[in-house]
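Reading through the structure tokens given below for one structure.
The values are calculated or read from the model by the stated rules, or taken from the named source; none is laboratory data. This one's a predicted model, so the numbers in the text were calculated from it and none came from an experiment. Cβ placement follows ideal geometry from the backbone for every residue including glycine, while neighbour counts extend to all protein chains displayed.
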Amino acid sequence: MCAVKEPHRKAIEEVISQGYQISPQAYKFLLSQPSGDVERLVSLALDRARRLGGVFVLEPHHFTPEFEVVEAKAPVDSQMVILPQPEAVSIGSAQGYLRLFQSRFQQLESIMKSRMDLRDAAPLAQVLKLPLKVRFKTIAMVADKYTRGRRLFLELESPEASATAMVSDQELVSKALEVLKDQVICLEGIRYNQGLLIANDLIWPDVPLHQASRSEKDSLVVFTGDLHIGSNYFRRDLFQKLLDWLNQRLGPRPSRELASKVKYLVLVGDTVDGIGVYPEQLGELTISTQLGQYEEAAQLLEGLPKHIETLIIPGNHDAVRRSLPQPPIDEPYAPSLYGNPPLPPAPNPPHLHKKGVKVLVAHGTALTDILGSTPGHDFHNPITAMELLLRCRHLAPTYGLNTPLAPESTDRLVISQVPDVMVMGHIHIYGSKRYRGVTLVSTGCFQDQTPFQRRMDLKPTPGIVSLFNLRTHEELPLDLESLG
């Protein structure tokens, strides 16, 4: 065995002195790096582990340069900060998707192994060498899921091995029906024979009981989205009511006092209806150019009070790529949005800090993947699918359904930090709940029921916006339709 070089030895000692361990894979990765790079890589990994919190074992992805942060974008006096995210290179090939799923597995394995009850999880390749009937825990990605009679089977993969797991206990089968393809789970069970495992339990990455951060003063955020400006079905009258309420020109005195506390407006995508998004869309548009739609949006947003900071992220109808994660709406397609509102358009998803409160915002395209195919979930109650994504610690786990994924070197859709608030739109139905200390909000919309939604028997909730208090974490709906 070759002796460890002095720079590598010192770097490993630094990791241990800071209270962290190094996984065998990370150890091999570090030894393979040039001596001149290891100090920088270790510093990078330690900084990232501290930011994530709950990390005890450093994995290879903690050391990779793709995790270098970019400058947060916000006005000098802004209280809403877009947190820096790991940079990632898009690789337009099968190799790109391989790196994407490797990154996902490494990140989620690290999250799961930080839990006390999962630290003894063994690699899948090691589990397959155990004697028969021996109990184990292993972390793997679900490549496929299918049923045969009353039994359910999971095809599991890890970087070094693959196996089939059988679920026969009916209570556990009901639980396993919620497992999504391409998500990472921990399976507890026994080895039955060559390549076949018997599942006794399935454990999601999930979030721990969370003590949410709070601002010192009362400040309200309005969460809404799916305006679909340019559509025949856009409810301009309701959006004008929102503007009038925010300007304290509408509603009884207590309601107007509430409006005076609003400091932020977050639009969670599909601000405009777009062009060519679906067949026969042209016949359902009042504004038939993308530039015209964004100009109309900018003119409407000029009616906001000047003290309100506004954040706009893209959705599947906006002028960006459909693959997640989406970049901000580009200035050439929407020049009128830049410089007004105060913050330029943000990516989907952005991770925000508002006066110390961590807010995860996403358009929510992947909700349709769950609501259309997962037992126990339907389009009338999208908040349950949001909870499932949070339990998966991923914003779009499944590849190959309705939500395209970009083949990037780093999976930026992993929910690495536990948010205080998680907000999504896309389904056009308002809802909220608290899950393990995290507030979940499904936003309403400003678009009436479309012919497509009528065929789907989907009843949207136009004009219902979410008000969230950053100090108390109280969330309540404001129904603009009934506000006079």
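Among the residues making up segment 167-190, those that are among the acidic types (Asp, Glu), buried (at least 16 other Cβ atoms within 10 Å of the Cβ) and under 21 Å from GLU387 (Cβ atoms) are GLU178, ASP182.
Taking segment 228-311 as the region of interest, the helices (runs of 4 or more DSSP H) fully inside it that hold 1 or more residues being over 23 Å from SER215 (Cα atoms), at pLDDT 95 or above and in the same structural domain as PRO344 (by TED's automatic domain parsing) are 236-246, 290-301. With respect to the conditions (1) among the small types (Gly, Ala, Ser); (2) over 30 Å from HIS394 (Cα atoms); (3) exposed (fewer than 15 other Cβ atoms within 10 Å of the Cβ), SER231 falls short on a single one, namely (3).
Evaluate the following for LEU209: is it under 17 Å from ILE464 (Cα atoms) and either in a loop (DSSP other than H, G, I, E, B) or free of Cβ contacts under 8 Å to residues at least 12 places away in the same chain (or both)? When the stated conditions are applied, LEU209 does not pass them.
Within segment 11-23, residues that are within 20 Å of ARG119 (Cα to Cα) have Cβ atoms under 7 Å from residues that are among the small types (Gly, Ala, Ser) and surrounded by 13 or more Cβ atoms within 10 Å (Cβ to Cβ) in these pairs: TYR20/ALA49, counting only partners at least 6 apart in sequence or on another chain. Answer yes or no: is there a residue in segment 157-165 that is of a type in the set (Gly, Ala, Ser), free of Cβ contacts under 8 Å to residues at least 60 places away in the same chain, surrounded by 14 or more Cβ atoms within 10 Å (Cβ to Cβ) and assigned to a loop (DSSP other than H, G, I, E, B). The answer is yes, given that some residue of segment 157-165 is of a type in the set (Gly, Ala, Ser), free of Cβ contacts under 8 Å to residues at least 60 places away in the same chain, surrounded by 14 or more Cβ atoms within 10 Å (Cβ to Cβ) and assigned to a loop (DSSP other than H, G, I, E, B). Mind checking whether some residue in segment 353-366 is polar (S, T, N, Q) and over 11 Å from the mean Cα position of the chain (by Cα)? No, segment 353-366 contains no residue that is polar (S, T, N, Q) and over 11 Å from the mean Cα position of the chain (by Cα). When SER219 is tested against (1) modelled with pLDDT under 95; (2) within 27 Å of MET116 (Cα to Cα); (3) under 27 Å from the mean Cα position of the chain (by Cα); (4) surrounded by 14 or more Cβ atoms within 10 Å (Cβ to Cβ), exactly one condition is not met: (2). Can you pull out the residues in segment 241-268 that are of a type in the set (Gly, Ala, Ser) and touching a residue at least 40 places away in the same chain (Cβ under 8 Å)? Those that are of a type in the set (Gly, Ala, Ser) and touching a residue at least 40 places away in the same chain (Cβ under 8 Å): GLY251, SER255.
In segment 121-141, the count of residues that are in a loop (DSSP other than H, G, I, E, B), in contact (Cβ under 8 Å) with a residue 60 or more places away in the chain and within 29 Å of the chain's Cα centre (by Cα) is one or more. When segment 125-156 is filtered for residues that are of a type outside the set (Lys, Arg), exposed (fewer than 15 other Cβ atoms within 10 Å of the Cβ) and out of contact with any Lys or Arg (no Cβ under 8 Å at 6 or more places or on another chain), the ones remaining, listed by number, are ALA125, GLN126, TYR146, THR147, GLY149.
Checking each residue in segment 461-478 for being outside any strand (DSSP E or B) and crowded, with 21+ Cβ neighbours inside 10 Å picks out GLY463, LEU470. LEU413 meets the conditions (1) at pLDDT 95 or above; (2) farther than 30 Å from LYS113 by Cα; (3) not acidic (Asp, Glu) in every case but one. The failed one is (2). Checked against (1) crowded, with 18+ Cβ neighbours inside 10 Å; (2) touching a Leu at 6+ places or on another chain (Cβ under 9 Å), ALA122 passes all but condition (1). Could you check segment 213-227 and list, in sequence order, the residues that are polar (S, T, N, Q) and either touching a Ser or Thr at 6+ places or on another chain (Cβ under 9 Å) or part of a strand (DSSP E or B) (or both)? Of everything in segment 213-227, just one residue is polar (S, T, N, Q) and either touching a Ser or Thr at 6+ places or on another chain (Cβ under 9 Å) or part of a strand (DSSP E or B) (or both), namely THR224.
Just one residue in the set VAL277, VAL272, VAL357 is of a type outside the set (Ser, Thr, Tyr) and closer than 28 Å to VAL438 by Cβ; that residue is VAL357. Of all the criteria given as (1) polar (S, T, N, Q); (2) surrounded by fewer than 16 Cβ atoms within 10 Å (Cβ to Cβ); (3) modelled with pLDDT of 95 or more, the one not satisfied by SER482 is (3).
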